[in-house]
Amino acid sequence: MNFNGTFELEETTVDEVWLALSDPVLIADALPGCEFLLHVEHEDVDFDELAERAAEEDAELTGDPEVIAARAFREGEWYAGLVQVSVGPVNPTFETVVHIDDRDQPRMEASGEGTSGDSSFEMASWMELEATDDGGVAVAWGTEADVFGKVAGMGQRVINPVANRLVKRFFSEVQSRLRDLQLADAAPEAGESDGQGIVDRLLGRSNESS
């Protein structure tokens, strides 16, 4: 199954959106049905332990670039999340593990898989940011997914609207967080103490994330 589209965020910049989408805590907060999204050392994950860890960490949303830099997505690393999705009469909760394949502003690529009882999926996805003429940012995205089990039996005509609805809600929430946290205002200017190094890490310009 193939899913793709473009969502426009208003009154923001590519740097600001990239900063927001670098933060696993913001992603988990904005993604409908996501209980947590955490960095893990490898793809073999104990989700019961992760749920306990998520409850203990209780990370908060922030506009502080240093805090985001410390927990930002890293190329070559694994992340695990628990996400509930409503597909017709079915409400599976997927134990999902994602690998960041490539991360270099303005593009990020990831792959992963998820399982939930009698349903599962494998996917490869990407997103790319581009400034618009009216002072916003267009986020182009695409996903190729193989879906198995009960959810797959519903067919793409049922799954497509669900995927599009989730993406629309997600980016609407991201837009709201951008306004609330004022990430661009919080980011240090080039030339400030340690400022450029922090910004470079967040924007994927350092050796570890480019």
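Filter segment 54-91 down to residues that are assigned to a helix (DSSP H, G or I) and either surrounded by 14 or more Cβ atoms within 10 Å (Cβ to Cβ) or of a type in the set (Asp, Glu) (or both), then give me how many there are.
Qualifying residue count, segment 54-91: 9.
Given the structure, is residue 94 of a type in the set (Phe, Trp, Tyr), modelled with pLDDT of 95 or more, part of a loop (DSSP other than H, G, I, E, B) and surrounded by 16 or more Cβ atoms within 10 Å (Cβ to Cβ)?
For residue 94, the condition - of a type in the set (Phe, Trp, Tyr), modelled with pLDDT of 95 or more, part of a loop (DSSP other than H, G, I, E, B) and surrounded by 16 or more Cβ atoms within 10 Å (Cβ to Cβ) - is not met.
Mind checking which pairs have a first residue in segment 125-145 that is in contact (Cβ under 8 Å) with a residue 24 or more places away in the chain and closer than 16 Å to residue 174 by Cα and a second that is open to solvent by less than 20 Å² (accessible area, probe 1.4 Å) and small (Gly, Ala, Ser), Cβ under 9 Å, 6 or more apart or different chains?
Qualifying pairs under 9 Å: 127/110; 127/142.
Could you grab me the full set of residues in segment 152-176 that are modelled with pLDDT of 90 or more, under 27 Å from residue 113 (Cβ atoms) and either open to solvent by less than 50 Å² (accessible area, probe 1.4 Å) or over 18 Å from the mean Cα position of the chain (by Cα) (or both)?
Within segment 152-176, 166, 167, 170, 171, 174 qualify.
Name the residues in segment 37-51 that are within 13 Å of the chain's Cα centre (by Cα) and surrounded by fewer than 19 Cβ atoms within 10 Å (Cβ to Cβ), would you?
39
Mind listing whichever residues of segment 4-14 are of a type in the set (Val, Ile, Thr), crowded, with 17+ Cβ neighbours inside 10 Å and not in a loop (DSSP other than H, G, I, E, B)?
Correct list: 14 only.
Check off (1) at positive phi; (2) at pLDDT 95 or above; (3) of a type outside the set (Gly, Ala, Ser) for residue 103 and give me the number that stays unchecked.
Exception for residue 103: condition (1).
Can you tell me which residues in segment 102-133 are of a type in the set (D, E, K, R) and either crowded, with 19+ Cβ neighbours inside 10 Å or assigned to a strand (DSSP E or B) (or both)?
Passing the criteria: 102, 103, 104, 107, 109, 113, 122, 128, 130.
Going through segment 15-36 one residue at a time, which ones are of a type in the set (A, V, I, L, M, F, W, C), open to solvent by less than 40 Å² (accessible area, probe 1.4 Å) and closer than 20 Å to residue 172 by Cβ?
Scanning segment 15-36 gives 17, 18, 19, 20, 21, 25, 26, 27, 28, 30, 34.
The values are calculated or read from the model by the stated rules, or taken from the named source; none is laboratory data. The structure displayed is predicted, hence computed values, not measured ones. Using ideal geometry, Cβ is built from the backbone for each residue, glycine included, and neighbour counts are taken over all protein chains shown. Surface accessibility is based on the protein's heavy atoms, side chains included, excluding ligands, DNA and RNA. Shrake-Rupley method; radii C 1.70, N 1.55, O 1.52, S 1.80 Å.
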